[in-house]
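One structure below.
The values are calculated or read from the model by the stated rules, or taken from the named source; none is laboratory data. A quick note: this is a predicted structure, and the numbers were derived from the prediction, not measured. Cβ coordinates were reconstructed from backbone atoms using ideal geometry, including for glycine residues, and neighbour counts include every protein chain displayed. Please note that ligands, DNA and RNA were not included when accessible areas were found on the heavy atoms of the full protein model with its side chains. Shrake-Rupley method; radii C 1.70, N 1.55, O 1.52, S 1.80 Å.
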Amino acid sequence: MPKKIEKIAVLTSGGDAPGMNAAIRAVVRTCAYHNVECYGVYQGYEGLIEGDFEILNARSVKGIINKGGTFLKSARSQKFRTKEGRQQAYDNLIKANIDGLVVIGGDGSFTGAMIFNQEFEFPVMGIPGTIDNDIVGTTHTLGFDTALNTVVDAIDKIRDTASSHNRLFFIEVMGRDVGHIALNTGIAGGAEEILIPEEDLGLDRLVDSLNRSRKSGKSSSIVIVAEGDKIGKNIFELKDFIDENMEGYDVRVSVLGHMQRGGAPSCFDRVLASRMGVKAVESLLEGETNYMVGLINSKMELTPLEKAIKGKTKINLELLRVSDIMST
Ligand code: F6P
């Protein structure tokens with residue numbers, strides 16, 4: 001029989017994502033509902049190492065469901081990558097009689113949680129929070145939906161200028177290793193081409209596509225480029241390439257950057273965060289450990305952390321085809 005869990009700590013780690021506050025709120029309130037004491041840890045794993053955590057009750061998390069970022073703050077802790085750092089974190093948890101940990105973050109944060117669990121058999125549960133949607137075991141990570149809406153809003157605005165000035169815009173969106181944001185927002189924003197890391201379409205295809213659209217009477221175009229795209233040129237070099245090799249284009253570049261990670265979470269992300277928080281705490285209380293909660297076929301399911309980290313999310317090939325047809 002696993003030891004009964006009576007005190008749970010929650011932290012946010014890695015890049016922030018809209019919906020993290022809503023997830024913290026859900027963890028804290030689920031603990032309160034089950035009469036379990038809940039601790040909020042500041043600055044991700046750094047706070048565990050420094051002993052920077054405090055008790056949160058149901059009222060401590062009022063008024064945050066609609067706020068972007070994370071009030072617990074986040075960090076990519078270097079110290080937690082060391083055995084000494086993790087030992088210090090463990091000692092602090094034991095001193096405070098905390099016996100379960102919820103980690104809200106991405107793959108780097110889950111790797112830390114998994115190693116921590118293996119070394120100390122400390123019960124851990126992950127909640128996937130990253131705008132990139134690059135984690136196996138959930139169709140949606142927290143923040144992905146909000147980021148999509150933010151990006152589409154930005155593309156719509158840029159399109160006004162693109163069409164007023166007959167310009168070609170390259171717009172860079174986030175997605176370090178994956179093209180989920182690019183592919184979805186490219187379709188929703190009516191992009192001419194979408195360049196993603198999973199597919200090296202090559203420059204010829206881009207040139208063909210621009211020529212085709214010009215012939216078909218288009219006077220302005222938007223090309224969405226995922227930051228991790230492997231076409232071999234960064235977005236500014238792409239502009240230079242078009243300037244040098246194609247006549248008659250007035251090209252501009254817009255890098256959306258961190259504005260994609262901010263802002264109030266969408267309704268979808270708030271509901272997802274609430275469901276994930278409940279599932280994470282109740283799974284720990286049921287004796288489950290070393291899992292991540294996720295949305296699969298509209299249900300909350302558990303996936304081993306190892307699988308969540310090591311797996312590679314696949315790009316939706318149907319979306320690629322839809323995008324091709326739409327840019328006709
Ligand atoms: O992983 C989320 C993410 O937003 C990536 O899309 C991006 O490459 C990275 O974080 C940026 O990280 P930082 O905020 O540390 O620059």
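Worth a mention:
- Residue within region 310-323 that is assigned by TED's automatic domain parsing to the domain that holds Gly63, of a type outside the set (A, V, I, L, M), surrounded by 15 or more Cβ atoms within 10 Å (Cβ to Cβ) and outside any loop (DSSP other than H, G, I, E, B) present: no
- Test: residue in region 148-161 that is within 12 Å of the ligand (Cβ to nearest atom) and touching a strand residue (DSSP E or B) at 6+ places or on another chain (Cβ under 8 Å): yes
- Sole residue being at pLDDT 95 or above, open to solvent by less than 30 Å² (accessible area, probe 1.4 Å) and either farther than 20 Å from Met114 by Cβ or of a type in the set (Val, Ile, Thr) (or both), chosen from Val271, Val293, Val278, Val255: Val293
- Residue check for Ile131: within 18 Å of Gly14 (Cα to Cα), buried (at least 24 other Cβ atoms within 10 Å of the Cβ), within 13 Å of the chain's Cα centre (by Cα) and away from the ligand (no atom under 13 Å from the Cβ): no
- Search result, residues across region 51-89 that are farther than 26 Å from Gly143 by Cβ and open to solvent by 60 Å² or more (accessible area, probe 1.4 Å): Ile55, Lys83, Glu84, Gln87, Gln88
- No other residue among Thr161, Thr139 is open to solvent by 30 Å² or more (accessible area, probe 1.4 Å) and not assigned by TED's automatic domain parsing to the domain that holds Gly248 apart from Thr139.
- When residues in region 11-36 are screened for being open to solvent by 10 Å² or more (accessible area, probe 1.4 Å), under 24 Å from Gly257 (Cβ atoms) and either among the acidic types (Asp, Glu) or out of contact with any strand residue (DSSP E or B) (no Cβ under 6 Å at 6 or more places or on another chain) (or both), 2 of them pass.
- Restricted to region 1-106, the set of helices (runs of 4 or more DSSP H) holding at least 1 residues that are within 16 Å of the ligand (Cβ to nearest atom) comprises 20-33, 45-50.
- Flag if Gly112 is touching a residue at least 12 places away in the same chain (Cβ under 8 Å) and assigned to a helix (DSSP H, G or I): yes
- Counted residues, region 90-114 - those being within 30 Å of Phe268 (Cβ to Cβ), surrounded by fewer than 23 Cβ atoms within 10 Å (Cβ to Cβ) and over 17 Å from the mean Cα position of the chain (by Cα): 1
- Scanning region 184-227 for residues that are assigned to a loop (DSSP other than H, G, I, E, B) and surrounded by 14 or more Cβ atoms within 10 Å (Cβ to Cβ) returns Gly189, Gly190, Ala191, Glu192, Pro197, Glu198, Leu201, Lys218, Ser220, Glu227.
- Annotation note: Cβ proximity below 8 Å between a residue of region 200-221 that is in contact (Cβ under 8 Å) with a residue 60 or more places away in the chain and a residue that is of a type in the set (Asp, Glu) and surrounded by 13 or more Cβ atoms within 10 Å (Cβ to Cβ) (sequence gap 6+ or interchain) occurs for Ser209/Glu192; Ser209/Glu193; Ser213/Glu192.
- Residue within region 166-183 that is surrounded by fewer than 18 Cβ atoms within 10 Å (Cβ to Cβ) and among the β-branched types (Val, Ile, Thr) present: no
- Every residue from region 228-252 that is open to solvent by less than 40 Å² (accessible area, probe 1.4 Å) and free of Cβ contacts under 8 Å to residues at least 60 places away in the same chain: Gly228, Asp229, Ile231, Met246
- Residue within region 298-317 that is over 17 Å from Gly137 (Cβ atoms) and modelled with pLDDT under 95 present: yes
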